[in-house]
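The values are calculated or read from the model by the stated rules, or taken from the named source; none is laboratory data. Worth saying up front: this structure is predicted, and the values here are computed from it rather than measured. When we count neighbours, we look across all protein chains shown, and the Cβ atoms used for this are built from the backbone with ideal geometry, even at glycine. Surface accessibility is based on the protein's heavy atoms, side chains included, excluding ligands, DNA and RNA. Shrake-Rupley method; radii C 1.70, N 1.55, O 1.52, S 1.80 Å.
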Amino acid sequence: MRKLMMGNHALSYGAKLSRVQVIAAYPITPQTQVVELLSEMCANGELDAKFVKVESEHSALAASIGASAAGTRAFTATSSQGLALMHEMIHWAVGARTPVVLGNINRAMAPPWSIWTEQNDSLSQRDTGIMQVYCESNQEVQDTVIQSYKVAEKVLLPCMLVLDAFYLSHTYEPVDIPEQKLVDKYLPKFNPPYKLDPDDVHAFGGLTDAKWYYELRYKIESAIERARGEWRKADDEFGEIFGRKYGLVEDYKCEDADIMLVTSGTITGTARVTVDMLRDEGKKIGILKIRVFRPFPTDEVRDILGGAKKVACIDRNISFGQSGVFFEEIKSALYNSSHRPQIWGYIAGLGGRDVTPDTIREIVKRTEESDKPQELIWIGLKK
Amino acid sequence: MIEVRLHGRGGQGSVVASKMLASALLKEGKWAQSFPEFGVERRGQPVTAFLRIDTKPIGAHYKIYKPDHVVILDPTLLGQVNVTDGLKKEGWIIVNSERAPDEIDIKGDFKIATVDATGIAIKYGIGSKAAPIVNTAIIGALVKTTGCVGIKSVLQTIREESPSKPEENAMAAKEAYEKTRTT
């Protein structure tokens, strides 16, 4: 069935289709509608899940971790300051190996107060071990919730699914809702090897000294590396059943491209429209969309960007004192690669500043006209 | 791709109008994208909503700066907001007004249509007399002038999606469709 829905509700439908059993959440703009719809679904019996009202985002994730540790499928969602408040619990969810799925609607951090999109909230969680996936359409949001549980429960790590505030959260788009029985076939019931069970008693998260903590960290790294393959497999299987595939990255017209743009989130769709116009004008431009950010798709990035003369990375975020985060990651992936293109780093769209085809054109033009890569170019900055 | 911008005031249903049009387009097998001006809405304050229409999935995610058509739900906005900003040549500007199109004080290379959406909404008891909800009526005028979506699927959508008085809302759209005046 095809239904018009906003990105927030695409998250709710994704959770419903995944038959989540526990939802713990605290409202924050622009996330609020995600949990409003889920609470309605729980109240009217459409969804057989326990909706836990909590007093903060920290508790929302703590409750989700508890539910997951008890062997149930748990979901939560938040934005911005809410995600920052969850930070401690994100480390916990990773260490406890609980495959909670967390929807984060990218919203700029305060102060000054903002409710508009920017990726600094989610990217600040980069080193926790939570998997991160950036979506560009409401269809992809709904589908990625289902895929996230598939992968998260395989490798026993939490997953954060990320979408742009307003550009997706409050934008209505057609979304194909798959049949529940097909989703059930794709995503069987969560059945972890160890869980909180009064009939089979285990202790979790006890004090671990230097004798074993190191090995437990290694196990987390092994799991997230294994997740690369699991994402490819989960996406292939999803494609076979539902006819839609997204990849860890997406290569748009990169094959013969002189300049490759690197994008994430909704900027990708706008860039695709612009690249089509530029190609009509005879310019060979391509796009590498980064979808799965953690684990980082190093092989795909090397493989695709290795063929470029020039790369222009667009970041809707800033790691103060360094550069855009995606720019850093791309550079790092390519450093030990045999083919290393020149890379320009562009900052655009912070705090919800509109990124239009004109913005993309300016980025392409500046990259074309420059011989020496610049690492931190602010596009459209008011002087 | 057809792009439409709607100007209204908080409480008139501009955002819902754009959403209902998108739903109706979906029924016709077309692709649509509907979104509000991103921010905080307040009753009575100027509100903008956007609609994109295409025959294939829409990847563009930025505001509409050069609309094909513009819809004005509140005529008092004409002096306050630059409603024709970026409007394409030969595009329609559809105004909620009891006046004739040539009495509307806007000039430029575009076509003007008017309909008394306020009068129609009051007649069918949609909203209150002081604050009628004119969105479904103005949709009728947009359908009539631009033909970007069919009246049948629009009426069906209004009946399905109106939070109250679905039949009255459909009648309002139909009456506006019939009574739209053009230059």
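Looking only at region A:252-292, count every residue that is assigned to a helix (DSSP H, G or I), within 14 Å of chain B (Cβ to nearest Cβ) and either over 19 Å from the mean Cα position of the chain (by Cα) or at positive phi (or both) and tell me the total.
Count: 6.
Looking at A:182, A:196, A:207, can you tell me which residue is part of a helix (DSSP H, G or I) and hydrophobic (A, V, I, L, M, F, W, C)?
On inspection, the qualifying residue turns out to be A:182.
Within the bounds of region A:47-69, is there any residue that is in contact with a Gly (Cβ under 6 Å, 6 or more places away or on another chain), buried (at least 16 other Cβ atoms within 10 Å of the Cβ) and of a type in the set (A, V, I, L, M, F, W, C)?
no
Name the residue that is least open to solvent (accessible area, probe 1.4 Å), counting only residues in region A:1-27 that are under 21 Å from residue A:109 (Cα atoms) and more than 14 Å from chain B (Cβ to nearest Cβ).
Initially, region A:1-27 is screened for residues under 21 Å from residue A:109 (Cα atoms), giving A:7-8, A:25-27.
From what's left, more than 14 Å from chain B (Cβ to nearest Cβ): A:25-27.
On the way: A:25: 8, A:26: 84, A:27: 71 Å².
Only one residue fits best here, namely A:25.
Could you give me the residue pairs with C-beta distances under 6 Å whose first residue belongs to region A:339-355 and is under 24 Å from residue A:304 (Cα atoms) and more than 14 Å from every other protein chain (Cβ to nearest Cβ), whose second residue is assigned to a strand (DSSP E or B) and aromatic (Phe, Trp, Tyr) wherever it lies, and which are 6+ apart or on separate chains?
From residues that are under 24 Å from residue A:304 (Cα atoms) and more than 14 Å from every other protein chain (Cβ to nearest Cβ), the pairs are A:347/A:378.
What pairs come out if I take residues in region A:202-220 that are within 12 Å of residue A:95 (Cα to Cα) and pair them with residues that are hydroxyl-bearing (Ser, Thr, Tyr) and open to solvent by less than 100 Å² (accessible area, probe 1.4 Å) whose C-beta lies under 9 Å away, six or more apart or interchain?
Note: pairs meeting the criteria are A:216/A:208.
Going by the conditions given, is residue A:307 more than 14 Å from chain B (Cβ to nearest Cβ), part of a loop (DSSP other than H, G, I, E, B) and free of Cβ contacts under 8 Å to residues at least 12 places away in the same chain?
no
For residues in region A:232-247 being buried (at least 21 other Cβ atoms within 10 Å of the Cβ) and among the hydrophobic types (A, V, I, L, M, F, W, C), which is nearest to the other protein chains (Cβ to nearest Cβ)?
Here is the first cut: in region A:232-247, the residues buried (at least 21 other Cβ atoms within 10 Å of the Cβ) are A:234-235, A:238, A:246.
So of that shortlist, the ones also among the hydrophobic types (A, V, I, L, M, F, W, C) come out as A:234, A:238.
On the way: A:234: 23, A:238: 18 Å.
Checking each candidate, the answer is A:238.
If a residue has to be farther than 18 Å from residue A:12 by Cβ, within 14 Å of chain B (Cβ to nearest Cβ) and open to solvent by less than 10 Å² (accessible area, probe 1.4 Å) to count, how many in region A:118-153 make the cut?
Counting residues in region A:118-153 that are farther than 18 Å from residue A:12 by Cβ, within 14 Å of chain B (Cβ to nearest Cβ) and open to solvent by less than 10 Å² (accessible area, probe 1.4 Å) gives 1.
Being crowded, with 24+ Cβ neighbours inside 10 Å and within 14 Å of another protein chain (Cβ to nearest Cβ) is the filter here, so list the residues in region A:154-170 that pass it.
A:163, A:164, A:165, A:166, A:167, A:168, A:169
Residues that are of a type in the set (Val, Ile, Thr), farther than 20 Å from residue A:131 by Cα and either open to solvent by 10 Å² or more (accessible area, probe 1.4 Å) or outside any helix (DSSP H, G or I) (or both): does region A:320-337 have at least one?
So far as region A:320-337 goes, no, none of its residues is of a type in the set (Val, Ile, Thr), farther than 20 Å from residue A:131 by Cα and either open to solvent by 10 Å² or more (accessible area, probe 1.4 Å) or outside any helix (DSSP H, G or I) (or both).
Among the residues of region B:152-173, are any touching a strand residue (DSSP E or B) at 6+ places or on another chain (Cβ under 7 Å), open to solvent by less than 20 Å² (accessible area, probe 1.4 Å) and of a type outside the set (Phe, Trp, Tyr)?
Scanning region B:152-173 turns up no residue that is touching a strand residue (DSSP E or B) at 6+ places or on another chain (Cβ under 7 Å), open to solvent by less than 20 Å² (accessible area, probe 1.4 Å) and of a type outside the set (Phe, Trp, Tyr).
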